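The values are calculated or read from the model by the stated rules, or taken from the named source; none is laboratory data. A quick note: this is a predicted structure, and the numbers were derived from the prediction, not measured. Cβ coordinates were reconstructed from backbone atoms using ideal geometry, including for glycine residues, and neighbour counts include every protein chain displayed.
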Amino acid sequence: MNMNNPKILDEVPFEVIGEGRALLGEGPVWDEKRQRLYWVDILERRIYRYDPAGNAFERFELPQYVGALALRERGGLVLALQDGFHFYDPDEGRLERVHDPEPDLPDNRFNDGKCDPAGRFWAGTMSLSGREQAGSLYRLDPDGRVSRMLEKVSISNGLAWSGNGTTMYFIDTPTRCVRAFDYDAEDGSIRNGRVVLRFAEEEGSPDGMTIDEEGMLWIAFWGGHRVGRWDPRTGRRLKTLALPVPLVTSCTFGGERMNELYVTTARAGLSDEELARYPLSGALFRITLDVRGAPAVRFRG
Ligand code: CA
């Protein structure tokens, strides 16, 4: 990993939200009904909830690694834990097992996930010991059925759907690419996978992502000190938001006007020297932008 970040780029005014420093902060989701931000610390097995109006933080402990969460329409959350899909009500502390698609793969854990435009929850897996192509991308439907949508995935990461609901974007981190698929909202199928963005090593490794109202992808780069805004139609980089930490993991839009980008980061694996040099590693950042995102889709089951 290249910790010396050479050419930067668009300096942006960012805010550091709270005092917490996650080991592996990930998966931010904005709840536009309650105006709260959720995110996870995968390795600390925690969910965080932040109320910007009251500047209040809550923390919920889980028994397993938590890779991703989505809001449910009926309230509460759906989670991708190490052992598969669960429902969780943070206010009552109730955890309910839904389905584990990989009971035979104890070395895998779930990683990033998100709901598609029709309210199905997609989440993928990765090997805890770094085995290549040992993971898959799954789709949990509102009726509880689970389908394996992609196999031979190494580190299943960022997901996003175009505003018109016809394209899905997906990152398998070690491929250093974003792939696009034709997505059918009716039956939740994907086809015609193709590479639309390919990243040079100096960018860092593509991790989590979100999409804005203009159809541009905002991608967090692990080892890249940055979030980049990329045009998936031309393959061009439009903007780089430089952050004072190397391990930038994911981002999502939130706030009353949906123009605030919340960015999660990590400190896992950094040396003492690196932590001294980048003391904000693991912090949650907020950057106010002149473009907006769409509210997170809720799981319909
Ligand atoms: Ca990730």
*What pairs come up if the first residue lies in the stretch 253-267 and is at positive phi, the second is part of a strand (DSSP E or B), and their beta carbons are under 7 Å apart, counting only those six or more places apart or on different chains?*
M258/G293
*asked:* Would you confirm, using the coordinates I've provided, whether G301 is outside any strand (DSSP E or B) and of a type in the set (G, A, S)?
replied: yes
*Residue, nearest to I171 (Cα to Cα), within the stretch 223-243, restricted to residues that are without any contact (Cβ under 8 Å) to a residue 60 or more places away in the chain and in contact with a helix residue (DSSP H, G or I) (Cβ under 9 Å, 6 or more places away or on another chain)*: G228
_Name the residue that is surrounded by the fewest Cβ atoms within 10 Å (Cβ to Cβ), counting only residues in the stretch 50-93 that are of a type in the set (D, E, K, R) and in contact with a strand residue (DSSP E or B) (Cβ under 7 Å, 6 or more places away or on another chain)._
E61
*Residues that are within 16 Å of the ligand (Cβ to nearest atom) and either of a type in the set (D, E, K, R) or touching a residue at least 40 places away in the same chain (Cβ under 8 Å) (or both), drawn from the stretch 95-120*: R109, F110, N111, D112, G113, K114
*Taking G282, is it within 27 Å of W122 (Cβ to Cβ), more than 16 Å from the ligand (Cβ to nearest atom) and at pLDDT 95 or above?*
no
_Members of the stretch 267-289 found to be over 16 Å from E15 (Cα atoms) and either not in a helix (DSSP H, G or I) or not charged (D, E, K, R) (or both), listed by number_ = R267, A268, G269, L270, S271, L275, A276
*Looking at the stretch 146-162, which of the residues that are of a type in the set (G, A, S) and away from the ligand (no atom under 16 Å from the Cβ) is farthest from the chain's Cα centre (by Cα)?*
S147
*Could you please find all residues in the stretch 121-133 being in a loop (DSSP other than H, G, I, E, B) and within 16 Å of the ligand (Cβ to nearest atom)?*
L128, G130
_Test: residue in the stretch 260-271 that is surrounded by fewer than 19 Cβ atoms within 10 Å (Cβ to Cβ) and among the basic types (K, R)_ = no
_Scope the stretch 138-152; condition surrounded by 13 or more Cβ atoms within 10 Å (Cβ to Cβ) and on the phi > 0 side of the Ramachandran plot; matching residues_ = none
*Could you grab me the full set of residues in the stretch 169-217 that are over 23 Å from F253 (Cβ atoms), charged (D, E, K, R) and away from the ligand (no atom under 16 Å from the Cβ)?*
D182, D184, E186, D187, R191, R194, R198, E201, E202
_Just to be sure I understand the filter: pairs with C-beta atoms under 6 Å, separated by 6 or more residues or on different chains, first member in the stretch 153-181 and on the phi > 0 side of the Ramachandran plot, second member more than 16 Å from the ligand (Cβ to nearest atom) and small (G, A, S). Which pairs pass?_
G165/A185
*Members of the stretch 241-263 that are outside any loop (DSSP other than H, G, I, E, B) and within 27 Å of E32 (Cβ to Cβ)*: L241, V248, T249, S250, C251, T252, F253, G254, E260, L261, Y262, V263
*Examine the stretch 20-37 for a residue that is among the charged types (D, E, K, R), buried (at least 23 other Cβ atoms within 10 Å of the Cβ) and touching a residue at least 40 places away in the same chain (Cβ under 8 Å), and state whether such a residue exists.*
yes
*Conditions (1) surrounded by fewer than 17 Cβ atoms within 10 Å (Cβ to Cβ); (2) in contact with a strand residue (DSSP E or B) (Cβ under 6 Å, 6 or more places away or on another chain); (3) over 22 Å from A220 (Cα atoms): number failed by G119*: (1)
